[in-house]
Amino acid sequence: MTPDDAAPSAAATTADGGRREDPARERKAVRGLLVILSAPSGAGKDVVIEGLLRELEDATLYVTATSRAPRPGEIQGKHYFFYSPQKFREEIEQGNFLEWSVVHGEYKGVRGDAVGDALHEHRIVLVKPDPQGMRKLKAVLPEALTIFIQPPSLDSLRRRLVGRGTETPESLELRMKNAEIEMAAAPEYDHVVVNEDGKLAETVRTVADIIRKEAEHPRTYWL
């Protein structure tokens, strides 16, 4: 094996949720297509992903790790990987997360070994971080495909959020503020797809076509 063929070292995470190199461990190569899908709340990301899992052959959704307690009906390894806060911190220190953050007082992150296992078992793996998480993932997995799902306008997004009937005036304004920040990051993605009102099926087909084309050329990831 030449120096160029050697596997990159694994990385521990830094205080801001990024990764730092850890020469004590080596990562392994895995081939497939890792797809990062982001969207502001209310843009339809989850329903688009549900459609993609039906449309795409041999695709799966990565299961996120969290330190919050399971809600009724949630299953370990299916909805989330559940950890105690102490266990989550230990996993961070061991360098097991590609990226992590604290959301509403709880840890949330993407485990490298779990992504690797998913890519071993499936040709296509979907993961759905926010733009901040996307940047951290791209820093360690630059070969990942990134797609941003955008509402046709902020007015349309507001109507969708109001239509849910689940938002307080305060939470609605917070989501709208966050949406503006997230939509400003759209140019950083490989593809931007607008989820027009009443055209969910068309959006799913458009995103599925992008992924199918990219999946024809599997990429190598070091995990």
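Step by step: first the residues of the range 64-98, then only those that are closer than 17 Å to Ala144 by Cβ and out of contact with any Asp or Glu (no Cβ under 7 Å at 6 or more places or on another chain), then the one that is modelled with the highest pLDDT. Which residue is that?
Leu98
One line per residue, one yes/no per condition, for (1) touching a residue at least 24 places away in the same chain (Cβ under 8 Å); (2) touching a Ser or Thr at 6+ places or on another chain (Cβ under 7 Å); (3) outside any helix (DSSP H, G or I):
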residue	(1), (2), (3)
Pro72	no, no, yes
Lys87	no, no, no
Glu90	no, no, no
Gly95	yes, yes, yes
Glu99	yes, no, yes
Tyr107	yes, yes, yes
Asp113	yes, no, no
Ala118	yes, yes, no
Quiz prompt | Total residues in the range 49-70, condition within 30 Å of Gly105 (Cβ to Cβ) and in a strand (DSSP E or B) | solution = 4
Quiz prompt | Residue identified as at pLDDT 90 or above and hydroxyl-bearing (Ser, Thr, Tyr) among Ser101, Ser153 | solution = Ser153
Self-check item: strands (runs of 3 or more DSSP E) completely within the range 144-222 that count 1 or more residues being touching a residue at least 24 places away in the same chain (Cβ under 8 Å) and among the hydroxyl-bearing types (Ser, Thr, Tyr)
Solution: 145-150, 219-222
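Residues of the range 23-40 being buried (at least 21 other Cβ atoms within 10 Å of the Cβ) and assigned to a loop (DSSP other than H, G, I, E, B), which ones? First the steps, then the outcome.
Of all residues in the range 23-40, those buried (at least 21 other Cβ atoms within 10 Å of the Cβ) come to 32-40.
Within the range 23-40, Ala39, Pro40 meet the criteria.
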Exercise. Sort out which residues of the range 200-215 are surrounded by fewer than 19 Cβ atoms within 10 Å (Cβ to Cβ) and farther than 12 Å from Gly51 by Cβ, and write them in order of number.
Key: Asp209, Ile210, Arg212, Lys213, Glu214
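Return the residues of the range 121-131 that are over 11 Å from the mean Cα position of the chain (by Cα) and either in a helix (DSSP H, G or I) or surrounded by fewer than 22 Cβ atoms within 10 Å (Cβ to Cβ) (or both); say none if nothing qualifies. Walk me through how you get there before you give the answer.
Step one: filter the range 121-131 for residues over 11 Å from the mean Cα position of the chain (by Cα), giving 121-124.
Across the range 121-131, the qualifying residues are Glu121, His122, Arg123.
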Quiz item: Considering the range 184-202 alone, what residues qualify as being touching a strand residue (DSSP E or B) at 6+ places or on another chain (Cβ under 6 Å) and of a type outside the set (Phe, Trp, Tyr)?
Solution: Ala186, Asp190, His191, Val192, Val193, Val194, Asn195
Quiz prompt | Leading residue by the ranking (nearest to Lys138 (Cα to Cα)) among those in the range 73-120 that are surrounded by fewer than 22 Cβ atoms within 10 Å (Cβ to Cβ) and of a type in the set (Asp, Glu) | solution = Asp113
Quiz item: Could you list, in sequence order, the residues of the range 156-180 that are at pLDDT 90 or above and of a type in the set (Lys, Arg)?
Solution: Arg158, Arg159, Arg160, Lys177
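The values are calculated or read from the model by the stated rules, or taken from the named source; none is laboratory data. Everything numeric in this text was worked out from a predicted model, so none of it was measured. FYI the Cβ positions are ideal-geometry reconstructions off the backbone, even for glycines, and counts take in every protein chain you see.
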